[in-house]
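In what follows, a single structure is set out as structure tokens and then discussed.
The values are calculated or read from the model by the stated rules, or taken from the named source; none is laboratory data. Quick caveat: nothing in here was measured; it's all calculated off a predicted structure. The area values use the complete protein model at the heavy-atom level, side chains included, leaving out ligands, DNA and RNA. Shrake-Rupley method; radii C 1.70, N 1.55, O 1.52, S 1.80 Å.
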Amino acid sequence: MMMSGFFRFGVWQNFFRAWKSGYSGNLEGEGFTLGGVYVIGAGRQGVLLEHREKEFGDKVSLLSVLEAVEKIKPQAS
């Protein structure tokens, strides 16, 4: 995303949302790497949830994560 990320409206919305809630961060590191969240089930269940950031500050829905975790079936030993 590099510099184009700074010109996206959604990125600035996410920045101000985080700033208003008290998050400041340490401003160390690369800063251009987008993240993601995966919930992977046991055995052959595979990926139950995949969330990739499309722009800086995209947040995964906590409800989606909890629903995916509840779908994990314990693997028989």
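A few notes on this one:
- On a per residue basis, the range 36-76 carries 78 Å² of accessible surface, using protein heavy atoms and a 1.4 Å probe.
- Length-normalised contact order for the range 36-76 - Cα pairs under 8 Å, 6+ apart - percent: 45 percent
- Using θ = phi - 60° in the Karplus curve 6.51 cos²θ - 1.76 cosθ + 1.60, the 3J(HN,Hα) couplings for the range 50-62 round to 9, 10, 10, 5, 9, 8, 4, x, 4, 10, 7, 6, 4 Hz; x is entered for Gly and Pro.
- Share of carbon and sulfur in the accessible heavy-atom surface of the range 36-76 [1.4 Å probe, %]: 55 percent
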